[in-house]
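Asker: Please see the structure below; I have some questions.
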Amino acid sequence: MYVFFLAEEQSKLMLLFILLILACSNFHYVTSDITQLFIDIDPLLDELDDVIASNSTPSSDLLELCTKALLVGSLILSDIFKTVISNNQHVMYTTRLTLYRLETEEIVQKLKQLPIKPQNSEQGFIRDMFQVTSEERNAKYLIVAREYYSEVQFYKDSNDIMKLCEWKVYKLESSLHDLNIENLGKLKIISYYNLEKSQRKDGTPTYVFGRTDMEDGTHVSLVIYGTKPGPEIDGYYQMKLLVIKDLQLLKGLPVVAKTIRNPENGINTVIVPGFTRQIQDHLGIEVDNDILYDDDIVMKYDTETKETIENSDL
């Protein structure tokens, strides 16, 4: 069982030791009644209202309780958990957990209304922490999700793309059994997932769920939500499921578009897979990512002039 410790968060973190265990797939050893983990949300909302009204900063105790509620609300019932309860209990717990998760969204909205943000918050708050195991990749990952109080620049000194929520993915080595403040920094960050927002010249926003791979800096778009900031219902949870699925699959989820950024000249090259690439990927045929197919669409975007050149060559 892993115990996670995040140094950049609040000073009072004893609760998070327990909470992070609950975020693992082994949490069912703590209790088989998931409702025992629920925190009464109404008092938290009342305290947050008082903080907002008084134009002050929330206490570390209040922030820890909010984090705990968000972590519990984001739990996914593991397959092993299903073996220790009846089918009727599983349906009941799933329903109650879903309702509780939707209630915790009120905490998120209140946190974003805080007039004075907590120090060392990195412009956001911890939304979730969980572990993903991929049998196909023979790998384990630790994911730390952070939601931002307000939109944050995706690229430094550029408002072309803003991010609203981020999932940071660490690779867990098989030799590591206890994760603490000493060895957390030794973990390798392999990728980031983001809910992103870009804006056209006419002000129309476009929201995209994407992944950035740290090895080569390639950015891929996995889901395009259009003018709506993610799924309309249970948005965070639905995107969490996308993170899990993408990490579990050997090749990941199908890619809607791939972006290659050139920071020297400010030109972004976007490649949209054509039918040939899509059908080969669907049939499990090896796809050569180093060449372009005739029906692939290539677009170049000048981040300075905001001009797009369609059907360009690489």
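Asker: Within the range 60-67, does at least one residue satisfy the condition of being open to solvent by 60 Å² or more (accessible area, probe 1.4 Å) and on the phi > 0 side of the Ramachandran plot?
Answerer: No, because not a single residue in the range 60-67 is open to solvent by 60 Å² or more (accessible area, probe 1.4 Å) and on the phi > 0 side of the Ramachandran plot.
Asker: Next up: For the range 222-258: of the residues being touching an Asp or Glu at 6+ places or on another chain (Cβ under 7 Å) and not in a loop (DSSP other than H, G, I, E, B), which is farthest from residue 296 (Cα to Cα)?
Answerer: So the first thing to find is which residues in the range 222-258 are touching an Asp or Glu at 6+ places or on another chain (Cβ under 7 Å), and the list is 222, 240, 248-250, 252-254.
Restricting the remaining residues to those that are not in a loop (DSSP other than H, G, I, E, B) gives 222, 240, 248.
On the way: 222: 16, 240: 29, 248: 27 Å.
Applying the filter and picking the extreme gives 240.
Asker: Tell me, which residue of the range 141-169 that is acidic (Asp, Glu) and not in a strand (DSSP E or B) is most open to solvent (accessible area, probe 1.4 Å)? Outline the logic, then answer.
Answerer: Applying the first criterion (acidic (Asp, Glu)) to the range 141-169 yields 147, 151, 157, 160, 166.
Checking which are not in a strand (DSSP E or B) leaves us with 157, 160.
Working: 157: 130, 160: 31 Å².
Only one residue fits best here, namely 157.
Asker: For a quick check of your reading of the model, give me the residue pairs whose first member lies in the range 212-234 and is more than 28 Å from residue 104 (Cβ to Cβ) and acidic (Asp, Glu), whose second is at pLDDT 90 or above and open to solvent by 40 Å² or more (accessible area, probe 1.4 Å), with beta-carbon atoms closer than 9 Å and at least 6 apart or on different chains.
Answerer: 213/190; 213/192; 215/190
Asker: Out of all the residues in the range 68-84, is one or more surrounded by 13 or more Cβ atoms within 10 Å (Cβ to Cβ), of a type in the set (Ser, Thr, Tyr) and more than 27 Å from residue 119 (Cα to Cα)?
Answerer: Pass one, the range 68-84, residues surrounded by 13 or more Cβ atoms within 10 Å (Cβ to Cβ): 68-78, 81-82.
Next, only the ones that are of a type in the set (Ser, Thr, Tyr) stay: 74, 78.
Checking which are more than 27 Å from residue 119 (Cα to Cα) leaves us with 78.
For the range 68-84, residues surrounded by 13 or more Cβ atoms within 10 Å (Cβ to Cβ), of a type in the set (Ser, Thr, Tyr) and more than 27 Å from residue 119 (Cα to Cα): present.
Asker: Mind checking which residues of the range 101-140 are among the hydroxyl-bearing types (Ser, Thr, Tyr) and either surrounded by 18 or more Cβ atoms within 10 Å (Cβ to Cβ) or free of Cβ contacts under 8 Å to residues at least 60 places away in the same chain (or both)? Working first, answer last.
Answerer: Pass one, the range 101-140, residues among the hydroxyl-bearing types (Ser, Thr, Tyr): 104, 121, 133-134.
Correct list: 104, 121.
The values are calculated or read from the model by the stated rules, or taken from the named source; none is laboratory data. All values derive from a computational prediction rather than experimental measurement. Every residue, glycine among them, receives a Cβ derived from its backbone with ideal geometry; neighbour counts consider all protein chains shown. Side chains are part of the model used for accessible areas, which takes the heavy atoms of the whole protein and leaves out ligands, DNA and RNA. Shrake-Rupley method; radii C 1.70, N 1.55, O 1.52, S 1.80 Å.
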